[in-house]
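The values are calculated or read from the model by the stated rules, or taken from the named source; none is laboratory data. Just so it is clear, the model here is predicted, and its values are computed rather than measured. Cβ sites come from the backbone with ideal geometry, for glycine too, and all protein chains shown count toward neighbours. The accessibility values were calculated without ligands, DNA or RNA, using every heavy atom of the protein model including side chains. Shrake-Rupley method; radii C 1.70, N 1.55, O 1.52, S 1.80 Å.
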Amino acid sequence: MKKEVPLAITFISGFLLIVALFIPHEPFGSLQERFNDWYIIVSGFTLILGVDSLILYHWRKIKRKEKEAPYSIILISTFVIVLAWGIYSGVKYGNPFAPASSFLRYFYTYMFVPLQATMFSLLAFFIASAAYRAFRARGLNATLLLISAGIVMLGRVPKGEEAAPYFIGITLILLAIVSVLEGVSRVEVYEKIIFFGLAVVSIIAIFPAAWFLKFNLPRLADWVMNVPQLGAKRGLFIGIWLGAIAMAIRIILGIERTYLK
Amino acid sequence: MREFFERISKIDRRIIYLLVFIGVTIPLLTRKGFEFKPLQEVETAYNFIESLPEGSNVLVSIDYDAASMPELQPLLEVMLRHLFRRNLKVIMLGHWPLGLPLGQIALEKIAKEMGRKYGEDYVFLGYRPGIAAVILNIGKEIRGVFDVDYRGIYLDSLPIMRNVHNYSDIALLIGFEAGSVGDFWVQFAQARFNQKIILTSTAVVTPDLYPYYQAKQIVGLIGGLRGAADYEILVKKKGFAYAGMTAQTIIHIIIVALILIGNIGYLAMRRVR
């Protein structure tokens with residue numbers, strides 16, 4: 001019974017909602033609305049469950065006197081203070097954030113917001129460091145990703161088109177130098193021709209490439225965003241949603257039962 | 001020479017952090033900005049708001065929190081200013097409970113600055129759990145989910161809400177998105193009720209929303225700090241986002257330069273090996 005009842009509820013709810021979508025007449029017409037109301041009520045209770053498990057988790061840590069217990073004490077006491085003050089302000093003024101100079105608003109504005117914003121702003125440092133380490137021309141795919149990233153990063157900021165010609169110029173000069181060095185070290189004549197040819201092409205391409213980027217970089221960045229990026233995204237989304245539909249059918253039919261564990 | 005290439009392929013992360021720190025702080029302190037042309041998707045959003053008749057209702061959804069505040073808060077303020085200047089009515093709600101006070105703070109600040117009155121020119125409804133259910137229920141009757149505002153005042157006693165029942169009474173919905181709530185707005189409010197939507201988002205989320213803009217499911221898309229700066233230019237009130245764009249430009253140039261240097265070192269070392 002422990003499994004059968006939840007499975008039956010899932011099957012009936014899922015089946016009725018699908019029927020309600022295709023038959024918008026009574027008795028099915030109002031079903032979706034009613035289910036939505038229930039869903040809102042259940043969602044409210046999930047918040048309570050979340051609070052319950054969070055508090056229990058930290059309470060156990062305090063009881064066991066674990067190493068991180070002081071942090072758990074801070075968490076629980078902050079939770080109690082904020083909750084108590086919120087209820088007090090809510091009852092007294094009809095709004096947890098009233099009056100404008102209240103403790104809760106002060107706490108939110110000067111503690112919670114800076115803490116959360118600081119955590120997120122650290123990402124700028126990590127991303128810069130990670131981009132430097134990860135964007136290496138290790139193969140064709142990595143090189144394509146590298147080029148696209150460069151185009152979008154410079155093409156989407158003001159003055160990016162003015163910096164881009166220098167970057168492309170330096171890149172092509174370096175490519176020419178590397179090609180010459182490679183060509184010198186090769187023994188076969190055809191290999192020498194390929195590498196010296198590449199060096200010549202790189203030098204010739206400097207000015208046209210720089211000119212093209214100076215006048216077309218924002219458009220190129222838009223093209224990357226609107227064509228390859230969107231194409232890949234659409235493909236991904238279609239795949240994700242097909243997977244979601246398949247998973248929903250499996251759950252409704254009771255084939256997928258991991259949510260019961 | 002080998003040592004030099006090895007060194008540039010493995011720059012100490014503390015040097016990178018220092019470069020990022022300098023690249024962000026100096027432009028923000030000096031507040032020097034570059035001139036640039038707004039993106040087309042931002043201009044479309046701006047023009048749509050300009051085309052709305054005075055007195056139209058605009059639903060604003062706060063779906064972000066303090067982590068995305070630097071990108072979305074300046075935009076929220078400048079958009080609210082624009083809405084009030086156009087004499088549009090603002091109905092604010094949200095699906096991120098921890099971010100909602102940011103919306104409330106901005107709304108109170110801009111309303112006070114523009115001399116707008118609560119209950120007549122704007123209203124703050126607050127939060128209800130269950131994103132999809134809330135969005136769907138607004139399509140039938142907004143009182144089904146929000147019978148009272150955030151202070152417990154019945155909607156019928158607020159002049160602004162007397163004639164607002166569902167999406168057909170809302171001329172435009174503006175979603176401030178740092179996650180996936182924008183998808184819900186499009187999938188339910190637009191697809192089912194044909195609601196006109198402008199989505200504004202953090203730069204990370206923006207690529208996910210482009211398909212909706214290209215398919216004309218949303219009437220405008222304002223992405224990241226660049227979008228906010230574009231909007232500030234359009235409303236002719238340059239502020240934090242515009243100043244922030246200089247910092248972003250410098251950081252992007254630093255990152256591209258670092259990537260280039262890293263690759264020179266990497267390719268040279270590979271050749272040596």
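Proximity of backbone amide H atoms, modeled 1.01 Å from N, is registered between A:Arg138 and A:Thr143 at under 5 Å, excluding neighbours fewer than 5 places apart on the same chain.
Provide the solvent-accessible area of A:Tyr39, counting protein heavy atoms only and rolling a 1.4 Å probe, rounded to the nearest 10 Å². Near enough 110 Å² of accessible area. Computed from backbone phi, the HN-Hα couplings of segment A:183-199 come to x, 5, 6, 7, 9, 5, 5, 4, 5, 4, 4, 4, 6, 5, x, 4, 5 Hz, rounded to whole numbers (Karplus: 6.51 cos²θ - 1.76 cosθ + 1.60, θ = phi - 60°; Gly and Pro given as x). Short version: ³J(HN,Hα) in whole Hz for each residue of segment A:25-37, in order, from phi by Karplus 6.51 cos²θ - 1.76 cosθ + 1.60 (θ = phi - 60°), x for Gly and Pro, what are they? Each residue of segment A:25-37 in turn: 10, 5, x, 7, x, 8, 4, 4, 4, 5, 4, 4, 4 Hz. One chain, two ends: A:Val187 and A:Phe11. Fully extended at 0.36 nm per residue, the span grows by 56.2 nm beyond their Cα-Cα distance.
Here the Karplus curve 6.51 cos²θ - 1.76 cosθ + 1.60, taken at θ = phi - 60°, turns the phi angles of segment A:207-220 into couplings of 5, x, 5, 5, 5, 4, 5, 4, 9, 10, 4, x, 5, 5 Hz, with x standing for Gly and Pro. Volume per residue of the convex hull around the Cα atoms, evaluated for chain A, comes out as 315 Å³. Here is how the number arises for chain A: DSSP H runs of 4 or more residues each give -39500 (n - 2.57), the sum is divided by the residue count, and the result at 222 nm is -27500 deg cm²/dmol. In this label model, A:Glu66 and B:Asn194 are separated by 5.6 nm, measuring between points 7 Å along each Cα→Cβ vector.
Count charges around A:His58 for me, please; just the other residues with Cβ under 12 Å from its Cβ, Lys/Arg as +1, Asp/Glu as -1. It works out to a net charge of +1. Going by accessible surface with a 1.4 Å probe and the largest first, A:Glu4, B:Glu141, B:Glu177 read A:Glu4, B:Glu141, B:Glu177. Across all directions, the average flat footprint of the convex hull enclosing the Cα atoms of the protein assembly as shown is 32.2 nm². Within straight cross-link reach of B:Lys37, meaning Cα distance under 28 Å, which lysines are found once same-chain residues fewer than 8 apart are removed? Those lysines meeting the cut-off are A:Lys159, A:Lys214, A:Lys233, B:Lys196, B:Lys216, B:Lys236, B:Lys237, B:Lys238. A probe of 1.4 angstrom, applied to the heavy atoms of all protein chains, finds A:Ile9 with accessible area near 100 square angstrom. Take the accessible area of chain B alone and of chain A alone, subtract that of the pair, and you get about 5500 Å² summed over both chains, using a 1.4 Å probe. The figure for B:Trp96 is an accessible area of roughly 70 square angstrom, using a 1.4 Å probe on the protein chains alone. The accessible-area loss of segment A:35-67 on complex formation, taken against its chain alone with a 1.4 Å probe, reaches 50 Å² or more at A:Asn36, A:Ile40. Between A:Leu144 and B:Ile15, the modelled label-to-label distance comes to 3.3 nm, taking each label 7 Å out from Cα in the direction of the beta carbon. Computed over protein heavy atoms with a 1.4 angstrom probe, the accessible surface ordering of B:Glu108, B:Glu3, largest first, is B:Glu3, B:Glu108.
Against the main long axis of the alpha-carbon atoms of chain B, helix B:69-85 sits at an angle near 40°. For chain B, what is the convex hull (Cα atoms) projected area averaged across all directions, in square nanometres? Mean orientational projected area (chain B, Cα hull): 17.1 nm². Working note: Cα gyration tensor of segment A:157-219, eigenvalues times five, square-rooted, sorted largest first, giving semi-axes of 30, 10, 7 Å. Here the label points at A:Lys2 and B:His165, each 7 Å from Cα along the C-beta direction, are separated by 5.0 nm in the simple model. Applying both filters, DSSP loop and at most 12 other Cβ atoms within 10 Å, to the trypsin sites (Lys or Arg not before Pro) of segment A:1-52 gives A:Lys2, A:Lys3. Considering only B:Ile255, B:Ile142, B:Ile174, the mean-square fluctuation computed in a Gaussian network model of chain B, springs between alpha carbons under 10 angstrom, is largest for B:Ile255.
For chain A, a simple Cβ point-charge model (Lys and Arg +1, Asp and Glu -1, everything else neutral) yields a dipole of about 820 debye relative to the Cα centre. With all protein chains in place and a 1.4 Å probe, the accessible surface of the protein assembly as shown carries 69 percent carbon and sulfur. In the full protein context, segment B:1-91 carries 51 Å² of accessible surface per residue, based on a 1.4 Å probe and ignoring ligands, DNA and RNA. Amide H to amide H, with H built 1.01 Å from N, B:Trp96 comes under 5 Å of B:Tyr64, counting only residues 5 or more places away or on other chains. Contact-buried residues of segment B:40-68, at a threshold of 30 Å² lost accessible area versus the chain by itself: B:Ala66, B:Ala67 (1.4 Å probe; DNA, RNA and ligands ignored). Pairwise Cα separations in segment B:61-218 fall into 10 Å bins from 0 onward with the following percentages, short to long: 11, 42, 40, 8, 0. Residues whose amide H comes within less than 5 Å of that of B:Thr202, counting only those at least five positions distant or on another chain, are B:Glu177, B:Gly224 (H built at 1.01 Å from N in the peptide plane). Using Cβ point charges alone (K and R +1, D and E -1), the dipole size of segment B:40-238 about the Cα centre works out to roughly 380 debye.
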